[in-house]
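Below: the structure, in structure tokens.
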Amino acid sequence: MKKIALISLATATVLMAGGYKIPESSLNAVALSNAYVASSYGADASYCNPANMVFSDNKGAAIEVDLTYIGLSKVDYNPSSGSNISSKAENFIVPTIHYVSPAVDKFRFGLSIVSPAGLSKKWSDAPASLYAKEFTLQTIEVNPTVAYEINDQLAVAFGIRGIKSSGVVKNAYYDLKGDGFDLGYNAALTYKPTKDTNLALTYRSNIDLHVSGDTSRTVTTINSGVKVTLPLPATANLAVSHTYNNATTVEFVLERTMWSAYKNLNFDFNNGTNETVLGTPLAKNWKDSNAYRLGLTHKHEKITAMVGLAYDVSPVPDATIGFENPDSNSKVISLGGRYEINEKMSVGLAGLVTLKDDRSVNNIADGGHVNGEFSNSPVYLLSAGMEYKF
């Protein structure tokens, strides 16, 4: 029972950032499957690549506001023995805001408010409901940045990340709510070997999420506080873009997420009985993972069209996968467009589909509780946004 409880709470607070992370932080990022690092020049550059803020043709201020619908389809589970079951389909609306200041000599300042990770998984049928009746995570990141133009070809940027997290966990062994606030940083560099080619490197630091909460029900009948420190791993993006005839831009991004920082979990329950029953550390042993992203942007007069493709490798090994996070490798396809209403304002719409591979797992011998196949788990994103320059 100790291991079951530990697996459950772990997924509620961080694993959703792996299997259900939200790397697409703006309308253009959705339209391009997040192949939008080297070529980001709008207000959303403040988050996607703040070094690019100083290279923008717009030297005034700019703000972008987006609303993104995220639809999680039900996940089907076909056990080796027993009846097929499915998780609940879920829907979310995630707002994002990006701001870039006017140029101040060789400096520019940015501010982004996004949701970098989260979402939810709910099962109502056994055996999954024993471990994952509900797991919900919400995060809000506030990220101020500053960029400096070293010369016409090179710029650097630095920012501070503040993340507020909150979660709800319900399983057969306890119900709890928890929250926390933690800090990290990000850095970026853009080099322009030619006027049409950009090379970019961005880095977002590991943030240890210090989550504190209280149980409202436990199998011990004793409610108490609980604390856990979990890594939200570092991510690095290496990107290159090239623009042809001032109209068509192709970008490739290699994204590396350092999930190997997630080695084990250790929960600290305030009550001694709960600590004995529920507090045994559990090895997780995730692995670093890559995502490969390709984006194409074409501008024609007042219309900008975008399309993207990506392949995202799951960091979750068979030995530790569970109903809380039935993750797998995924293929991504996206498209979108923007329309320039006038010199100051543009609007856009973008859509993205993530198709996750079916995954057969038997980790009973490893102390897990899965022996079957997860399938039919696409994720849908639809984003609408507006940018205003002033």
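The values are calculated or read from the model by the stated rules, or taken from the named source; none is laboratory data. Model, not experiment: these values are computed from the prediction. Cβ atoms come from the backbone with ideal geometry, glycine included; neighbour counts cover every protein chain shown.
A few remarks follow.
Let's see how each residue does on (1) charged (D, E, K, R); (2) crowded, with 22+ Cβ neighbours inside 10 Å; (3) touching a Lys or Arg at 6+ places or on another chain (Cβ under 7 Å); (4) in contact (Cβ under 8 Å) with a residue 24 or more places away in the chain:
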{"residue": "S40", "(1), (2), (3), (4)": "no, yes, no, no"}
{"residue": "N49", "(1), (2), (3), (4)": "no, yes, no, yes"}
{"residue": "S56", "(1), (2), (3), (4)": "no, no, no, yes"}
{"residue": "A62", "(1), (2), (3), (4)": "no, yes, yes, yes"}
{"residue": "N78", "(1), (2), (3), (4)": "no, no, no, yes"}
{"residue": "I85", "(1), (2), (3), (4)": "no, no, no, yes"}
{"residue": "A89", "(1), (2), (3), (4)": "no, no, yes, no"}
{"residue": "F92", "(1), (2), (3), (4)": "no, no, no, yes"}
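- Unique residue being within 26 Å of the chain's Cα centre (by Cα) and in a loop (DSSP other than H, G, I, E, B) when the list is K227, K287: K287
- Count - residues of the range 27-81 that are under 21 Å from N91 (Cα atoms), in contact with a Leu (Cβ under 8 Å, 6 or more places away or on another chain) and part of a loop (DSSP other than H, G, I, E, B): 1
- Residues that are hydrophobic (A, V, I, L, M, F, W, C) and surrounded by fewer than 17 Cβ atoms within 10 Å (Cβ to Cβ) within the range 329-352 comprise I333, I341, M345, V347, L349, listed in sequence order.
- The set of residues in the range 220-267 that are among the β-branched types (V, I, T) and closer than 23 Å to D196 by Cα comprises V240, T243, T248, T249, V250, V253.
For (1) surrounded by fewer than 19 Cβ atoms within 10 Å (Cβ to Cβ); (2) in contact with a Phe, Trp or Tyr (Cβ under 6 Å, 6 or more places away or on another chain); (3) on the phi > 0 side of the Ramachandran plot, each residue gets a yes or a no:
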site	(1), (2), (3)
E149	no, no, no
L176	no, no, no
D182	yes, no, no
L199	yes, yes, no
N206	yes, no, no
K227	yes, no, no
P233	no, yes, no
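- Residue check, K302 touching a Phe, Trp or Tyr at 6+ places or on another chain (Cβ under 8 Å), at pLDDT 95 or above and within 24 Å of N245 (Cα to Cα): yes
- The residues on offer are N325, N285, and the sole one that is surrounded by fewer than 16 Cβ atoms within 10 Å (Cβ to Cβ) and modelled with pLDDT under 90 is N285.
- Exactly one residue among L189, L176 is more than 18 Å from the chain's Cα centre (by Cα), of a type in the set (A, V, I, L, M, F, W, C) and under 25 Å from V54 (Cα atoms), and that residue is L189.
- Filter result for G162 (without any contact (Cβ under 8 Å) to a residue 24 or more places away in the chain, part of a strand (DSSP E or B) and within 24 Å of the chain's Cα centre (by Cα)): yes
- Count - residues of the range 97-145 that are hydrophobic (A, V, I, L, M, F, W, C) and part of a helix (DSSP H, G or I): 3
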